[in-house]
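Written below as structure tokens is the structure these notes are about.
The values are calculated or read from the model by the stated rules, or taken from the named source; none is laboratory data. Because the structure is a prediction, the values reported are computed rather than measured. Don't worry about glycine lacking a Cβ; one is built from the backbone with ideal geometry, like all the others, and counts go over all protein chains shown. These accessible areas exclude ligands, DNA and RNA; they are computed on the full protein's heavy atoms, side chains included. Shrake-Rupley method; radii C 1.70, N 1.55, O 1.52, S 1.80 Å.
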Amino acid sequence: MGLPIFVKQMALRAGAIFVVKLLGFAARIPLFRLLDSEGIGLYQIAYSFYGLALTVISGGFPTALALTTAQDRRKGWQLYKTATLLLASIGGALAWLCYQIAPLLARWLGHSDLEMAVRYIAPALFLVPLLFLLRSFLQGLEHYGPIAWSELTEQIVRLSVMLLLVSLWIPSGLGRAVGGAVMGASAGALIAFLLLLAILFFRRKSLGLSRHPDAAAGPADNRIRLFLYSALSISAARLIVPVSDFLEALIIPYRLQQAGMSASEAASTFGQIAGVAATIVYMPTLLTSALAFTLAAKITSDWQNKEVSRFLHRSQAAIHIGCLWGIGSAWILFHYSAELSLLVFSEDSASTPVRYMFLAPLFSGVQQLTTVILWASGNKKTPLSGLIAGCICSAALHFALLGIPGFAYAGAAIGILSLELVSALWNLTVIFKLKSSFPRHWFPIWKTAGLVLLCLLGSSLNGWLIDPLPIAEPVRSIVSLFFLYSLVLLYILLTYRMTREITK
């Protein structure tokens, strides 16, 4: 008996994200050594600006298109063409403006060395929204193979160009090297977009896209109006996280300097927090991201077809899996923070912020899954309200705590985690109203207790079986982490019977 299609799709999605993240991790090691903490800090500031600008341009159009296409592929095809023209116009105009006023933006971001980075990131503001839109259309069609190949291609090109240019330009100065680092985004997006266009052209018949696919029922004006409303609602929610990241890039270095650090030390500390520790602690969320990605189209279809029982069953199962994976990952991050820091960046400077941020996989995973569930049910306001509340809380905590001397890592971690926690709890308060409809309790208490016992046992077995092996320290760390994460994943698969709970 073969695996259910949902499990295959999620495995494909998780595998693609894992490979992409693994490549990103591998590239971060030489990038960190080339740029050092200060350069990584500047790189993160540039990318926070890029993320904000990118969200302003693309907003919720990709997600709204995926949900619309999942309901009606012909309607989705028509709206894809309309949205492509719109985003191409907006992205092109903002990319040109960004390039022209790069010196002003660099000063506004607080560091003159960011001018080249702002200039070189401008082409990506035109290319990446178009790439996101095409991927979302294919997501709505549940064609995950082309999406995975495009993501892998984009990452390989992006990282290759990034490392090549940083290596060539680092003798010319830190600012130019950071500019080369961000230029990889444009190169990767261009190649991936051309790849997907070719796939779409050659598979247009198998995708059900005839020469006259616009015969969707209902007035066109009404369809576009509903699509725009959905896109703008999701855009507002999508915008909050980049705004929060951007505020972190402004507030954290500024308040660290007020606490007594120099500009260089503040940029270096921000690089360790946002560029190193955050990279490590958010790595486990690849599984919840894959789960949310593959679940979106299915639960949207359930809700649209009024199959409420299956919608609730799948939603609850997803939340349970996200909680269990987050708790297991948090345990590993807390107890093996030094090993992870040494393994990834060959120094333990990130072990302290990693330990402070160990709950990130749990909070972020629940936030991702609950947001997708609410969006699929047509509730766009609750995720937006939760993110706004979380952003305000995060900014306030950053400003209040980072001014305290010696409180840099703890203050930054509290501020970053508060955004995820407040947003997740906000979403759950609405989902709890459906609690009476759920077939079981809303939280897997006994399974969580079993997971904690398994983590304790796994740590003991790890010390007895793996630590004594006569192998190099990096290899021992890899084996230990792989062993522990495999135990957590196997526990979830066996005790929760994931293939039955979500696919039934």
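Structure values in brief
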{"quantity": "Considering residues of segment 324-341 that are open to solvent by 10 Å² or more (accessible area, probe 1.4 Å) and assigned to a helix (DSSP H, G or I) only, the residue nearest to Leu369 (Cα to Cα)", "calculated": "Trp325"}
{"quantity": "Qualifying residue in segment 431-453 (condition: modelled with pLDDT of 80 or more, open to solvent by 30 Å² or more (accessible area, probe 1.4 Å), under 24 Å from Pro361 (Cα atoms) and more than 26 Å from the chain's Cα centre (by Cα))", "calculated": "yes"}
{"quantity": "Close pairs from segment 22-35: first polar (S, T, N, Q), partner surrounded by fewer than 18 Cβ atoms within 10 Å (Cβ to Cβ), Cβ under 7 Å, at least 6 apart", "calculated": "none"}
{"quantity": "Residue within segment 309-323 that is buried (at least 20 other Cβ atoms within 10 Å of the Cβ), part of a helix (DSSP H, G or I), hydroxyl-bearing (Ser, Thr, Tyr) and under 19 Å from the mean Cα position of the chain (by Cα) present", "calculated": "no"}
{"quantity": "Residue tally, condition crowded, with 24+ Cβ neighbours inside 10 Å, over 27 Å from Cys391 (Cβ atoms) and of a type in the set (Gly, Ala, Ser), over segment 31-74", "calculated": "1"}
{"quantity": "Contacts under 9 angstrom Cβ, first residue in segment 123-143 being surrounded by fewer than 24 Cβ atoms within 10 Å (Cβ to Cβ), partner part of a loop (DSSP other than H, G, I, E, B) and aromatic (Phe, Trp, Tyr), 6 or more apart", "calculated": "none"}
{"quantity": "So Ile299, is it at pLDDT 80 or above, buried (at least 22 other Cβ atoms within 10 Å of the Cβ) and either touching a helix residue (DSSP H, G or I) at 6+ places or on another chain (Cβ under 8 Å) or not in a helix (DSSP H, G or I) (or both)", "calculated": "yes"}
{"quantity": "Residue pairs meeting the criteria (Cβ under 9 Å; at least 6 apart or on separate chains; first over 13 Å from Thr285 (Cβ atoms) and without any contact (Cβ under 8 Å) to a residue 40 or more places away in the chain, in segment 351-380; second hydrophobic (A, V, I, L, M, F, W, C) and open to solvent by 10 Å² or more (accessible area, probe 1.4 Å))", "calculated": "Ser351/Ala338; Ser351/Leu340; Ser351/Leu342; Arg355/Phe334; Arg355/Ala338"}
{"quantity": "Residue among Ala266, Ala290 that is in a helix (DSSP H, G or I) and more than 21 Å from the chain's Cα centre (by Cα)", "calculated": "Ala266"}
